[in-house]
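Enquirer: Pasting a structure here, questions to come.
The values are calculated or read from the model by the stated rules, or taken from the named source; none is laboratory data. Everything numeric in this text was worked out from a predicted model, so none of it was measured. Neighbour counts are summed over all protein chains in view; Cβ atoms, including those assigned to glycine, are modelled from backbone coordinates with ideal geometry.
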Amino acid sequence: MVKLLGWHEISTAFLPYGDDWRAHRRLYQKGFRSDAALQYFHIQADKVREFLANVLRQPDDFMSHTRTLSAAIVMAIVYGHDVAPTADRFVEIAEKAVGTLSELTSPSGSVVNLFPSLRFLPGWLPGCGFKQRAAESRLLVSEMTNVPFESVRKDMAIGVAKPSLLARLLEDHDMKGGGGLQEEYIKRIAATAYGAGAETTASLLETFFLAMTLHPTVQEKAQKEIEHILGKDQLPTLEDRSRLPYIEAIYRETIRWSPIVPLAIPHCTVADDIVDGYFIPKGTTVIGNVWAITRDPIAYPDPESFVPERFLKEDGTPNEDDMSVIFGFGRRICPGRHVASSTSWLAMACLITLFDIRPTKDTEKSLDFDELFSEGLAM
């Protein structure tokens, strides 16, 4: 299905291990390794402040604001593009492409993965409607990959390009006289960074809103920590992260309570192996069940409950479980995890500082909320 949708060449996550994959990862490391991610703190802070202002003006539209925030940060970092408050062309293209990927790669949407021969049948047959959607997706993926890239290339040619990861990589590429293949790699990792980053960060923040709505005492405890450490007159910054252990615990519990990608990116065994008496031949597809890991009652007692304290030691400092499992495993661990983590933490900390997140009321009576998550690549 991924190949039919047009993601198989641009998305690092779906590339087979080899020269193309290694080239992608090297470029990602230049822009997203832990020390490189520090240079984006000012972008994250600016965009989070804009997000807070949007929530203040239109609190009922918070889900839209979370998506604008996640898109704005990734687009600013990767392309130097300032996202329009509404109807941004680049964002609309990417959201449609990512939305189709999420829908059609979900367990219920990827019937072609179970019956690959369906891809050879005409789209008008019952059960083959995915083919039309896949054709539309390929066009969207092409636009998402090429339109913002060409915009930056054009701005660089006339000397007006804003600072961005893409501009830096292209400048380095041009100075070294790199070939067309390397430029194609740069184009692809830029597109993948948006496609992977915006959807997952937005989904995580929506889960956070739900968690705070359902657990007001957690929110109140966090507000007291912020007031005690920072006072009443300033917003948290990323430099304050180590000083706010309970906020850190809320962040970790949010990604544990509802992991955004409950089934990790598929891996493939590189050699025959035996695990617990089961023979696993070379070339077997292996999918990490992140949902099951985060629901392990031994590691996380009462796993269905939202309990940030599980991530704190007796002295109130964070324990060693940083929930990095959420970002994948081994060579295919998410290269943008440092930016994703800091963006999410900062947004959560600032929301808790400025707002009381409560259920809406109907004639002064609070409405009941249920925990309900949609199915897709990201939940």
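Enquirer: Can you name every residue in the stretch 253-273 that is at pLDDT below 90, among the hydrophobic types (A, V, I, L, M, F, W, C) and not in a strand (DSSP E or B)?
Expert: Correct list: I260, V261, A264, I265, V270.
Enquirer: Here's a follow-up. Here is a list: I226, I265, I250. Which entry is crowded, with 22+ Cβ neighbours inside 10 Å, within 18 Å of the chain's Cα centre (by Cα) and not polar (S, T, N, Q)?
Expert: I250
Enquirer: Tell me, which residue of the stretch 274-324 that is aliphatic (A, V, I, L, M) and in a loop (DSSP other than H, G, I, E, B) is farthest from F208 (Cα to Cα)?
Expert: Top of the filtered list is I287.
Enquirer: If the requirement is being more than 22 Å from S203 (Cα to Cα) and either of a type in the set (F, W, Y) or surrounded by 12 or more Cβ atoms within 10 Å (Cβ to Cβ) (or both), which of these qualifies: A299, A340, A347? Break it down into steps so the answer makes sense when it comes.
Expert: On the way: A340 fails: more than 22 Å from S203 (Cα to Cα); A347 fails: more than 22 Å from S203 (Cα to Cα).
Of the residues listed, the single one that is more than 22 Å from S203 (Cα to Cα) and either of a type in the set (F, W, Y) or surrounded by 12 or more Cβ atoms within 10 Å (Cβ to Cβ) (or both) is A299.
Enquirer: Also, quick follow-up: Yes or no: the stretch 332-345 includes at least one residue that is at pLDDT 95 or above and in contact with a strand residue (DSSP E or B) (Cβ under 9 Å, 6 or more places away or on another chain).
Expert: No, the stretch 332-345 has no match at all.
Enquirer: Do you know which residues across the stretch 59-78 are modelled with pLDDT of 90 or more, buried (at least 24 other Cβ atoms within 10 Å of the Cβ) and either under 21 Å from L169 (Cβ atoms) or touching a strand residue (DSSP E or B) at 6+ places or on another chain (Cβ under 9 Å) (or both)?
Expert: Scanning the stretch 59-78 gives A72, I73, V74, M75, I77, V78.
Enquirer: Across the stretch 325-359, which residue is farthest from A211 (Cα to Cα) among those that are over 15 Å from the mean Cα position of the chain (by Cα) and assigned to a loop (DSSP other than H, G, I, E, B)?
Expert: Among those that are over 15 Å from the mean Cα position of the chain (by Cα) and assigned to a loop (DSSP other than H, G, I, E, B), it is F329.
Enquirer: Check off (1) part of a helix (DSSP H, G or I); (2) at pLDDT below 95 for Q234 and give me the number that stays unchecked.
Expert: Every condition holds for Q234 apart from (1).
Enquirer: Can you name the residue in the stretch 153-180 that is among the basic types (K, R) and in a helix (DSSP H, G or I) and, of all such residues, is nearest to R33 (Cα to Cα)?
Expert: Within the stretch 153-180, the match that is nearest to R33 (Cα to Cα) is R168.
Enquirer: Kindly provide the set of residues from the stretch 156-182 that are among the hydrophobic types (A, V, I, L, M, F, W, C) and surrounded by 14 or more Cβ atoms within 10 Å (Cβ to Cβ), ordered by number.
Expert: Of everything in the stretch 156-182, those that are among the hydrophobic types (A, V, I, L, M, F, W, C) and surrounded by 14 or more Cβ atoms within 10 Å (Cβ to Cβ) turn out to be M156, A161, L165, L166, A167, L169, L170.
Enquirer: Can you go through R241, R188, R252 and tell me which one is touching a residue at least 40 places away in the same chain (Cβ under 8 Å) and under 19 Å from P335 (Cβ atoms)?
Expert: Just one listed residue meets the conditions, R188.
Enquirer: Okay, next question. Residues in the stretch 121-141: is at least one at positive phi and modelled with pLDDT of 75 or more?
Expert: no
Enquirer: Assess whether R153 counts as being basic (K, R) and surrounded by fewer than 18 Cβ atoms within 10 Å (Cβ to Cβ).
Expert: So R153 passes the test.
Enquirer: Continuing with the same structure: Can you find even one residue in the stretch 33-55 that is under 21 Å from A161 (Cβ atoms), assigned to a helix (DSSP H, G or I) and among the aromatic types (F, W, Y)?
Expert: The answer is yes; a qualifying residue exists.
Enquirer: Failed condition for P216, given (1) buried (at least 16 other Cβ atoms within 10 Å of the Cβ); (2) at pLDDT 95 or above, with all others met?
Expert: (1)
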